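Working notes, structure below.
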Amino acid sequence: MQEKLLDKLVEIVVKEGGSDLHISESKPPVIRVSKFLIPLAKIPSISKEDMAGLLSILLNSEDKKEFEIRKEVNFAYSHKDKTRFRCNAFLSLGKVSIAMRLIPTEVKSFTELNLPPILETFAKSKQGFFLVVGPIGVGKSTTLATIIETINLERLEHIVTIEDPVEYIFEPKKAIIDQREVKLDTPDFHTALRGVFRQDADVLMIGEMRDPETISTAVTAAETGHLVLSTLHTNTAGQTVDRIIDSFPADQQTQIRLQLSNSLLGIFSQRLIPRISGGLVPAFELLINNNATANLIREKRTQEISSVVATSSEEGMIDLNRCLVELVRKGEVTVENAFRFSADPKTLERMI
């Protein structure tokens with residue numbers, strides 16, 4: 001019974017081009033399509049028995065134990081080996097809810113994702129630290145997957161990913177790829193990251209940097225000959241640098257500033273904006289770590305980073321407001337949405 005229900009829900013998500021599926025006890029299921037939540041009113045509310053059956057299908061024994069103890073759990077689910085989801089089960093007022101994010105099976109190119117070609121430059125880098133940042137649900141994992149797949153297609157290197165849970169499944173082409181899932185293959189990000197120094201890795205992809213130890217080890221790996229790719233839930237390049245540095249005690253911040261100024265390659269911040277013709281279109285900011293950027297990081301002047309980005313387009317940097325203006329001029333997005341997604345609406349007003 002629950003298997004048929006899950007089959008039907010997955011089929012609807014795929015058919016409607018949805019990005020997310022929400023299943024909550026005592027409520028009808030809901031899907032998200034192009035940022036909009038759509039209740040599936042024709043499907044009855046999920047009963048307690050239905051939810052128990054769904055959990056038995058979705059969770060393995062380890063995930064069930066964690067859910068019982070922590071009252072929430074992250075996990076991945078592959079439906080009939082065709083459709084893959086990143087999931088979180090949690091309690092809300094004592095009732096179970098499950099949020100499922102659809103992971104596309106195919107890794108798309110930068111062109112197909114409407115991302116700037118300059119990102120290929122970072123995929124060709126042999127060493128350094130590159131971050132993709134932005135709010136939840138803007139495609140950070142998808143962008144990282146495209147960078148990884150570009151390396152996979154072009155370079156004979158050893159790629160190690162550390163994720164919670166593993167999202168895109170890569171098929172090794174030129175590269176060797178080892179994908180490690182937290183809880184399944186390693187106890188935590190930090191332990192897995194320390195291990196890569198003994199695994200002859202060339203490229204590291206860290207699903208998310210959650211603590212100072214992970215950040216510190218990642219920066220050290222970038223300094224010692226590895227290309228390190230990761231994400232943070234921050235909105236701008238300047239905010240990202242501050243978040244990294246502020247996660248350390250005051251007596252360690254000078255050291256991490258120096259390390260970051262030397263190892264950082266760039267920070268790519270992205271958004272997904274409703275397109276006038278339907279669907280979503282990305283808008284982005286790109287900071288490249290040149291001499292001016294490195295000096296600002298070392299000298300605690302990160303508030304000036306946005307000015308460097310805005311005035312360095314000839315070096316390949318991309319200003320979010322300029323990107324938004326271009327989307328408005330092309331008729332891709334409305335002026336209202338441009339202002340809604342801008343990090344600096346006052347400057348945008350002068351530009352439009």
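The values are calculated or read from the model by the stated rules, or taken from the named source; none is laboratory data. Please read these numbers as outputs of a predicted model, since none were measured by experiment. Don't worry about glycine lacking a Cβ; one is built from the backbone with ideal geometry, like all the others, and counts go over all protein chains shown.
For segment 273-283, the condition of being part of a helix (DSSP H, G or I) and crowded, with 21+ Cβ neighbours inside 10 Å holds for none of the residues. Filter segment 314-341 for residues that are among the charged types (D, E, K, R) and farther than 22 Å from P135 by Cα and give the result. Matches in segment 314-341: E314, E315, R329, K330. Restricting attention to segment 112-137 and to residues that are assigned by TED's automatic domain parsing to the domain that holds D319 and at positive phi, the residue that is surrounded by the fewest Cβ atoms within 10 Å (Cβ to Cβ) turns out to be G137.
Only residues that are in contact with a helix residue (DSSP H, G or I) (Cβ under 8 Å, 6 or more places away or on another chain) and of a type in the set (G, A, S) were counted in segment 29-77, giving 2. Hey, does segment 78-95 have a residue that's polar (S, T, N, Q), in contact with an Asp or Glu (Cβ under 7 Å, 6 or more places away or on another chain) and more than 24 Å from P172 (Cβ to Cβ)? Yes, because at least one residue in segment 78-95 is polar (S, T, N, Q), in contact with an Asp or Glu (Cβ under 7 Å, 6 or more places away or on another chain) and more than 24 Å from P172 (Cβ to Cβ). Considering K71, K4, K35, the condition of being out of contact with any Gly (no Cβ under 9 Å at 6 or more places or on another chain) and at pLDDT below 95 is satisfied by K4 alone. T150 meets the conditions (1) free of Cβ contacts under 8 Å to residues at least 60 places away in the same chain; (2) among the hydroxyl-bearing types (S, T, Y); (3) loosely packed, with under 15 Cβ neighbours inside 10 Å in every case but one. The failed one is (3). In this structure, A145 qualifies as under 28 Å from T111 (Cβ atoms), among the small types (G, A, S) and at pLDDT 90 or above.
Just to verify a result, which residue in segment 238-262, among those that are among the hydroxyl-bearing types (S, T, Y) and surrounded by fewer than 22 Cβ atoms within 10 Å (Cβ to Cβ), is farthest from the chain's Cα centre (by Cα)? Selected residue: T254.
Taken together, the criteria place F36 among residues that are closer than 24 Å to T142 by Cα, aromatic (F, W, Y) and not assigned by TED's automatic domain parsing to the domain that holds G279.
Per-residue answers, yes or no, for (1) assigned to a strand (DSSP E or B); (2) crowded, with 16+ Cβ neighbours inside 10 Å; (3) of a type in the set (A, V, I, L, M, F, W, C):
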site	(1), (2), (3)
G17	no, no, no
K27	no, no, no
V73	yes, yes, yes
Y77	yes, yes, no
R84	yes, yes, no
N88	yes, no, no
K108	no, no, no
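Within segment 160-207, if we keep just the residues that are closer than 18 Å to T220 by Cβ and small (G, A, S), the residue that is surrounded by the fewest Cβ atoms within 10 Å (Cβ to Cβ) turns out to be G195. Filtered by the rule that a residue be of a type in the set (G, A, S) and under 18 Å from the mean Cα position of the chain (by Cα), segment 263-275 gives G266, S269.
Looking at E285, is it within 20 Å of T240 (Cα to Cα), modelled with pLDDT of 95 or more and acidic (D, E)? So E285 passes the test.
Looking at segment 322-338, which of its residues are surrounded by 15 or more Cβ atoms within 10 Å (Cβ to Cβ) and more than 15 Å from E285 (Cβ to Cβ)? Within segment 322-338, V328, E332, V333, T334, N337 qualify.
Of all positions in segment 139-153, none carries a residue that is assigned to a loop (DSSP other than H, G, I, E, B) and farther than 17 Å from S230 by Cα.
Would you confirm whether or not segment 210-231 contains a residue that is surrounded by fewer than 23 Cβ atoms within 10 Å (Cβ to Cβ) and within 16 Å of the chain's Cα centre (by Cα)? Yes, the conditions are met somewhere in segment 210-231. Taken over segment 328-352, the criterion of being closer than 26 Å to N289 by Cβ and under 24 Å from the mean Cα position of the chain (by Cα) is satisfied by F341, S342, A343, D344. If the condition is being touching a residue at least 60 places away in the same chain (Cβ under 8 Å), among the polar types (S, T, N, Q) and crowded, with 17+ Cβ neighbours inside 10 Å, then segment 290-313 contributes T302, S306.
Counting only residues that are of a type in the set (S, T, N, Q) and free of Cβ contacts under 8 Å to residues at least 40 places away in the same chain, segment 187-219 holds 3 of them.
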